[in-house]
Amino acid sequence: MAVVTGAARGFGREIARRLVARGHRVVITDLDEAAVAATAAELGATGIAADARIAADHARVAAAAVELGTVGVWVNNAGVLKAGKVWEHSDDDIALMIDANVHGVIHGSRAAIGVMRRRGGHLLNIASMSAHGPVPGLAVYAASKSAVLNFTTSLQGDLDLDGIPIRAHALCPDAADTALVRAEQGHRDTAILHSQKTLLTPGAVADAAMGLLDGKRLVLSLPLRRAVMARSGSVLPSVALPVLARMRAQGEQRRVAGS
């Protein structure tokens, strides 16, 4: 039995598709009731309308999943991206990103541990390449994903200390061709997302997720070379920021061309 949040589209849908193909019974959730119902029908999954920001919704999903079988996989995928500088964001946009990206993962992880702590399982939290270093134009989003990465690795330490047989994983993909990114593509501050020549596909990210769920690796960044660059930016930000400015200029050309 597997649960995937934010699975009406994008990464979540493709991860759920692969879990169904592996023989799992899958519960998918999303805020959009019509979209989650349509995706569930397409995949042969069970769809539940739920808000990842709300702890009680995660508890409700967990209870429904347990009714269908023993939960062994839980994927916290639901998230929100809003481009812009922090002083340009509305209060609501900042709250939305922090609530969905950080609180959603924390609440989801608590629900997952509640249903998997006795028999064990795998908990996968979707972070981002932006978790590794500075991302001008996406500072709030990057902060939220850094929190997801640090939370996940710290959580694994707590699980180990208490002898709970759950393996936590964090997946950190670079920018991908999803509705999340396309919805913000008209904003200049997404230029850095287009600094790579091609965006990842949701399928490639889902394949990487399956690889994590098959093993014990804690963190996987996709692609690795971009992760090395991002981490170096975190260590030497004064050196990295001018480089990121040049990458942003290159990305802006691709963003405009693709808009």
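Here are some notes:
- On full extension, the segment bounded by D92 and A34 gains 18.5 nm, given 0.36 nm per residue less the C-alpha separation.
- Amide proton proximity set for L31, modelled H, under 5 Å, gap of 5+: A50
- Placing pseudo-labels 7 Å out from each Cα toward the beta carbon at A63 and A257 gives an inter-label distance of 5.3 nm.
- Potential extension, S154-A179 segment - 0.36 nm per residue separation minus Cα distance: 6.0 nm
- Each DSSP beta bridge with both residues in the chain is either parallel or antiparallel, and the antiparallel ones are about 0%.
- R0 of 22 Å, Cβ-Cβ distance R231-R188: FRET efficiency to nearest 0.05: 0.30
- Trypsin sites (Lys or Arg not before Pro) lying in DSSP loop within region 157-259, provided at most 16 other Cβ fall within 10 Å: K197, K216, R217
- Extension gain (nm, one decimal) between R117 and D162, 0.36 nm per residue minus Cα-Cα: 15.2 nm
- Per residue accessible area in Å² of the chain, where ligands, DNA and RNA are left out and the probe is 1.4 Å: 45 Å²
- For region 1-21, the residues whose backbone nitrogen is under 17 Å from a point 7 Å from the Cα of A41, taken along Cα to Cβ, are 8-9.
The values are calculated or read from the model by the stated rules, or taken from the named source; none is laboratory data. Since the structure is predicted, the reported quantities are computational estimates derived from the model, not experimental observations. Counting neighbours? That spans all protein chains shown, and the Cβs are built from the backbone with ideal geometry, glycine included. Surface accessibility is based on the protein's heavy atoms, side chains included, excluding ligands, DNA and RNA. Shrake-Rupley method; radii C 1.70, N 1.55, O 1.52, S 1.80 Å.
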